[in-house]
């Protein structure tokens, strides 16, 4: 049932989004030198490695710091900042879903270096299912890059704080996985992304139109007598 659901949703998504995805790929190529897609080894079901697909958001040839990227990283391209903020860079992963490497909902796949740090219990539980495009942790850490950017040592903070919390969410999902829960998480993800879009527009508006302070007093002029 879950695999059939994944194939149907991914096929429909690629069919509907085909032209927009092509336009984004062209925009990525025009924005900076390099390929439109970024490929990286991640660990999938049963510990099998696969190449995850994303729209390239960083300067070509510049790898992320130990598998993580912070929001203020100067290697991120102009278009890449928008793609990351809106999660549009993740859309090519519908191809990974069709290949059987990923699911629509499931624990987000990690790079090999982080999976090596998993406990035996986490390996047994988290890697027993296909990784997904979204899950509880994706929603809880929707501003992960901003959170990491605020830390003195983003990599250490990720390993000691963020990753253990994500794994707890992953274990909970695997133990309760079912189609109604997947539909719930898809809806929660859509709502979270919509809220982020509204918040982002508000931040941009405030930056462009800062609140005016009190009317400046002109030296030697009494404002009440103007």
Answer with yes or no whether residue 52 is exposed (fewer than 14 other Cβ atoms within 10 Å of the Cβ), at pLDDT 95 or above, in contact with a strand residue (DSSP E or B) (Cβ under 8 Å, 6 or more places away or on another chain) and not in a helix (DSSP H, G or I). no
Consider residue 145 against the criteria (1) in contact with a strand residue (DSSP E or B) (Cβ under 9 Å, 6 or more places away or on another chain); (2) without any contact (Cβ under 8 Å) to a residue 12 or more places away in the chain; (3) within 23 Å of residue 74 (Cα to Cα): it satisfies all of them except one. Which criterion is unmet? (2)
Here are 177, 137: which of them is in contact with a helix residue (DSSP H, G or I) (Cβ under 6 Å, 6 or more places away or on another chain) and closer than 28 Å to residue 99 by Cα? 137
Mind telling me which of the residues 63, 4, 25 ends up being at pLDDT 95 or above and within 18 Å of the chain's Cα centre (by Cα)? 25
Can you give me the ranges of the helices (runs of 4 or more DSSP H) entirely in the range 112-208 with at least 3 residues that are more than 24 Å from residue 68 (Cα to Cα) and under 18 Å from the mean Cα position of the chain (by Cα)? 179-208
If a residue must be touching a residue at least 40 places away in the same chain (Cβ under 8 Å) and either part of a helix (DSSP H, G or I) or within 17 Å of residue 41 (Cα to Cα) (or both), how many such residues does the range 77-88 contain? 8
Given the conditions (1) farther than 24 Å from residue 123 by Cα; (2) touching a strand residue (DSSP E or B) at 6+ places or on another chain (Cβ under 9 Å), and given that residue 35 satisfies all but one, which numbered condition is not satisfied? (2)
The residue that is modelled with the highest pLDDT, considering only those in the range 71-86 that are out of contact with any strand residue (DSSP E or B) (no Cβ under 9 Å at 6 or more places or on another chain), within 23 Å of residue 135 (Cβ to Cβ) and surrounded by 15 or more Cβ atoms within 10 Å (Cβ to Cβ), is 85
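The values are calculated or read from the model by the stated rules, or taken from the named source; none is laboratory data. Here the structure is a predicted model, which is why all the values come from computation and not from measurement. For neighbour counting, all protein chains shown are included, and Cβ atoms are generated from backbone atoms with ideal geometry for every residue, glycine included.
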